[in-house]
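Novice: Here it is, the structure, as structure tokens.
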Amino acid sequence: MNLSFARALACPVAPGPVASGPVTSGNDAAWAEPARSGPRRAALLAVLFAFCCLAGCAKDASPVKWDLGPEGEAMYHFLVQLEAASSGDADTYAAAGKKLLELDPSEASFLEMADFSMRRGKLEEARTIARDGLALFPASLPLTLIISDTYIQQEKFTEAADTLLFFTKGHPENQDAMQELARVYLVGERYAEFDALLRSVPPAKMTPYLHYVKARSLLNRNKLAEGEKELRLVVRQAPDMIDAWVNLGIALQLQGKHAASFPMFRKAINSDPENLGLWLRLIDAQLRAKRFDLAFRTYTEAPPSPPFQLEAGMLFVEAKQYTTARKIFLQVRDTPGAPEEVHIYLAALAMENLNNPSEALRELALIPPTSPLAERALRWRLQILEEAGRVHESVPIAKEYAEQNPDSAEFQVIYAQACAASGDTQTAIRTLRSARQKWPDNVSVALLLASVLDPNTDKDEAMRLMEFVILHQPRNAFALNYVGYMLADENRELERAYDLIARAAVEAPEDPHVADSLAWVFYRLGNYTEAWAAIRKSISLGGDHPVIWEHYGDIAVKLGNTAEARKGYSNALKTKPDDPEAIRRKLKELP
């Protein structure tokens with residue numbers, strides 16, 4: 001006998017109710033072996049015992065063709081399901097379940113397979129199975145709920161409500177169906193139908209759950225005092241309903257009664273102390289009430305967990321309690337096996353709130369080059385160094401990461417960026433050309449290589465690379481602007497140049513360089529009025545480049561505006577142009 005069968009049989013799964021809430025897991029592993037009735041298990045054990053005895057007695061017997069019959073065949077497929085559940089083979093489980101539905105079309109079998117399909121994310125399949133089951137068992141609320149839930153997961157609230165309405169018409173006394181219909185109206189924000197449904201319920205039949213969903217609908221519609229009143233009624237009638245206590249606390253907070261919410265969240269915590277989300281709600285309320293010491297004491301009472309601690313620390317950051325937040329993050333960092341994210345949190349706190357770039361750099365350096373967070377950490381380190389005027393320190397750091405990640409194009413790009421920023425263009429070009437040979441389809445490599453190539457000596461290669469970028473990323477504003485401007489500057493393919501730059505302007509409407517390119521293509525096309533408007537926009541957006549000011553002067557000359565032309569050329573000279581003599585000649589030629 002297969003040991004996995006024995007284990008499965010030794011640990012029977014008790015049947016339970018089908019969940020009425022939406023099931024979101026699409027993971028094939030998120031399912032368990034099917035629940036089966038006691039009689040079937042007894043019969044199965046008898047069959048297995050008989051098979052084992054036969055196997056032990058008939059050592060030399062010839063192969064026998066067994067005629068199992070319907071019950072035996074059902075047993076066989078049940079065994080297959082058990083083995084599939086044990087090994088995680090979802091497809092085999094589904095195939096065996098389909099066969100079982102044919103052999104044993106019971107309500108439980110339909111529920112089992114519909115729920116299984118829904119948990120795998122196969123909503124249409126789940127709905128079909130549940131409908132087939134309803135055809136045989138029209139009074140089944142669990143099958144109806146599965147159909148409704150598949151619609152809810154697809155946000156088809158009308159279809160979900162219609163499914164339940166059809167059921168309630170045939171079963172008007174079914175309280176569970178009516179409560180589920182109320183929930184669907186609430187989730188779908190169909191408040192008119194929701195209110196009408198609750199008005200139809202006699203006061204004596206208003207359950208705590210109906211009062212609860214009524215309160216939720218009132219809170220959703222910003223009727224906070226009414227919602228609070230309804231929730232107080234719920235917690236009196238059903239003091240064990242944790243969600244009611246939580247929502248009562250939220251209702252009080254929404255009214256600015258933060259301190260009054262403390263007992264509500266504490267009551268929920270007492271009922272479910274392992275629910276860290278409840279602890280976070282209480283800490284948040286205490287911080288909003290400016291009870292900072294109390295909030296930290298509450299934090300220390302909660303079950304320690306790095307994800308919880310990081311979230312709690314962020315609540316203290318939002319409350320501007322930076323010293324306490326840092327203390328919490330350091331506690332996490334010093335815990336064995338701490339998540340590497342804590343270094344990101346500490347770096348962000350150091351940079352954004354404590355104005356301590358050195359500490360941020362130290363924390364980011366603790367994230368190893370092989371970490372999933374390495375790229376993010378490296379980019380941030382280089383940005384901090386650049387802002388501090390320490391670009392020369394970036395190159396050896398980026399080189400180390402590139403060497404540690406030879407199969408990552410992104411780290412080669414970052415290293416090349418650091419080289420280019422430090423003035424070592426040739427190393428950047430060599431690195432990127434090597435990367436392009438290894439990753440010919442990588443857009444980031446092509447884009448940066450085109451950017452660092454000398455437009456005077458490597459213009460054709462740069463243009464080919466930028467055309468490659470546009471082919472793969474047709475909305476890349478930098479590449480669109482680059483190719484469009486180069487065409488306009490060479491006074492060729494002006495219609496295409498305009499099209500490319502206009503597309504770049506849509507993607508980057510606030511970029512002064514794109515506005516300058518648009519001005520220049522208008523200039524080449526002879527549309528000087530449009531060119532003037534575009535160049536003025538470029539200046540207003542912060543364009544302060546010698547080429548932009550030279551264009552400003554050239555366009556002003558075409559419009560006969562000598563004063564503005566002189567202004568443009570003079571400002572161009574102030575911003576260190578590549579060819580100042582050419583601009584001085586333009587100044588001298590002005591009338």
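Each value in this text was obtained by applying a stated rule to the coordinates, not by laboratory testing. Being a predicted model, the structure only gives us computed values, none of them experimental. We place every Cβ from the backbone using ideal geometry, glycine too, and count neighbours over all the protein chains shown.
Novice: Under the Karplus relation 6.51 cos²θ - 1.76 cosθ + 1.60, θ = phi - 60°, what is the ordered set of whole-Hz ³J(HN,Hα) values for segment 580-591, x standing for Gly and Pro?
Specialist: x, 5, 4, 6, 5, 4, 5, 5, 5, 7, 5, x
Novice: What lysines does Lys574 reach when the alpha-carbon gap must be under 18 Å and sequence neighbours fewer than 8 apart in one chain are set aside?
Specialist: Here the lysines satisfying the reach criterion relative to Lys574 are Lys586, Lys588.
Novice: Another question about this same structure. With a ≥ b ≥ c the root eigenvalues of the C-alpha gyration tensor of segment 431-569, is it rounded (a/c under 1.5), prolate (a/b larger than b/c) or oblate?
Specialist: In terms of gyration-tensor shape, prolate.
Novice: Is the C-alpha gyration tensor of the chain telling us rounded, prolate or oblate? Criteria: a/c under 1.5 is rounded; beyond that, a/b larger than b/c is prolate, otherwise oblate. Write down the numbers at each step before the final one.
Specialist: Details: a/c = 2.16, a/b = 1.80, b/c = 1.20.
Here the chain falls in the prolate category.
Novice: For every other residue with a beta carbon closer than 12 angstrom to the beta carbon of Arg436, add +1 if it is Lys or Arg and -1 if Asp or Glu, then tell me the sum. Walk me through the numbers before you get to the answer.
Specialist: Numbers: positive: Arg430, Arg433, Lys438, Arg464; negative: Asp441, Glu461.
For residues surrounding Arg436, the net value is +2.
Novice: Now for a separate question. With a/c under 1.5 counting as rounded, go ahead and sort segment 273-320 into rounded, prolate or oblate using the C-alpha gyration tensor (a ≥ b ≥ c being the square roots of the eigenvalues; past the cut-off, prolate if a/b is larger than b/c, else oblate).
Specialist: Numbers: a/c = 1.84, a/b = 1.43, b/c = 1.29.
Prolate, since a/c reaches 1.5 and a/b exceeds b/c.
Novice: For segment 358-387 and segment 559-580, write down the distance between their C-alpha centroids in whole Å.
Specialist: Cα centres, segment 358-387 to segment 559-580: 42 Å.
Novice: Would you mind calculating the relative contact order of segment 367-473 from Cα pairs under 8 angstrom and at least 6 residues apart, reporting the percent as a whole number?
Specialist: Working: 109 pairs, mean separation 18.7, N = 107.
After rounding, I find 18 percent.
Novice: Moving on to the next point. To the nearest µm²/s, what D does Stokes-Einstein give for segment 367-473 at 20 °C and 1.002 mPa s, using the Kirkwood radius over alpha carbon pairs as Rh?
Specialist: Numbers: Rh = 14.1 Å.
Estimated via Stokes-Einstein, D reaches 152 µm²/s.
Novice: When you take every Cα atom in segment 80-237, what is the radius of gyration, and what is Dmax, the widest Cα pair distance, in Å?
Specialist: 18.5, 57
Novice: Please turn the phi angles of segment 172-181 into ³J(HN,Hα) values with the Karplus equation 6.51 cos²θ - 1.76 cosθ + 1.60 (θ = phi - 60°), one per residue in order, whole Hz, x for glycine and proline.
Specialist: 3J(HN,Hα) across segment 172-181, in whole Hz: x, 8, 7, 5, 5, 5, 5, 5, 5, 5.
Novice: Using alpha carbon centroids, what distance separates segment 326-344 and segment 97-173, in Å?
Specialist: Each part's Cα centre sits 46 Å from the other's.
Novice: So for each of 489-496, 164-171, 147-154 I average, over its residues, the number of other beta carbons within 10 Å; can you give me the resulting order with the highest mean first?
Specialist: Working: 489-496: 13.2, 164-171: 16.2, 147-154: 23.0.
Descending mean neighbour count gives 147-154, 164-171, 489-496.
Novice: Moving to a separate point now. Under a Cβ-Cβ cut-off of 11 Å, what is the net charge of the residues other than Ala477 that fall near it, where Lys and Arg count +1 and Asp and Glu count -1? Walk me through the numbers on the way to the answer.
Specialist: Numbers: positive: Arg475, Arg503; negative: Glu507, Glu510, Asp511.
After counting each charged neighbour, the total is -1.
Novice: Taking the Cα centre of segment 241-387 as origin and charging only Cβ (+1 Lys, Arg; -1 Asp, Glu), how large is the dipole, in debye to the nearest 20? Walk me through the intermediate numbers first.
Specialist: On the way: 16 positive and 17 negative charges, 111 e Å.
For this selection, approximately 540 debye.
Novice: Provide the descending list of Cα extents for segment 172-273 along its principal axes, expressed in whole angstroms.
Specialist: 42, 26, 22
Novice: Ok, one more. For Asn356, which sequence-distant residues (separation of 5 or more, or a different chain) have an amide H within less than 5 Å of its own amide H, given hydrogens modelled in the peptide plane?
Specialist: Met351
Novice: Taking the Cβ of Phe329 as the center, what net charge do the other residues with Cβ under 12 Å away carry, scoring Lys and Arg +1 and Asp and Glu -1? Show your work: numbers first, answer last.
Specialist: Working: positive: Arg326, Lys327, Arg333; negative: Glu311, Asp334, Glu341, Glu359, Glu363.
Net local charge, Phe329 excluded: -2.
Novice: Can you list the lysines whose alpha carbon sits under 30 Å from that of Lys229, skipping same-chain ones fewer than 8 residues off?
Specialist: Lys205, Lys214, Lys257, Lys267, Lys290
Novice: Here's another thing I want to ask about it. For the ranges 571-577, 229-235, 209-215, what's the packing order if you count other beta-carbon atoms within 10 Å of each residue, average per peptide, and put the highest first? The partial results should precede the final answer.
Specialist: Values: 571-577: 15.9, 229-235: 20.4, 209-215: 22.1.
In descending order of packing, they fall as 209-215, 229-235, 571-577.
Novice: Also, I was wondering about something else. Students often check this: by mean Cβ neighbours within 10 Å, which of 113-123, 237-247 ranks highest, and how do the rest follow? If you can, show how the numbers build up before the last one.
Specialist: Values: 113-123: 22.5, 237-247: 18.6.
Those peptides, ordered most packed to least, come out 113-123, 237-247.
Novice: Same structure again: Under the Karplus relation 6.51 cos²θ - 1.76 cosθ + 1.60, θ = phi - 60°, what is the ordered set of whole-Hz ³J(HN,Hα) values for segment 229-234, x standing for Gly and Pro?
Specialist: Calculated HN-Hα couplings, in order: 4, 5, 5, 5, 5, 4 Hz.
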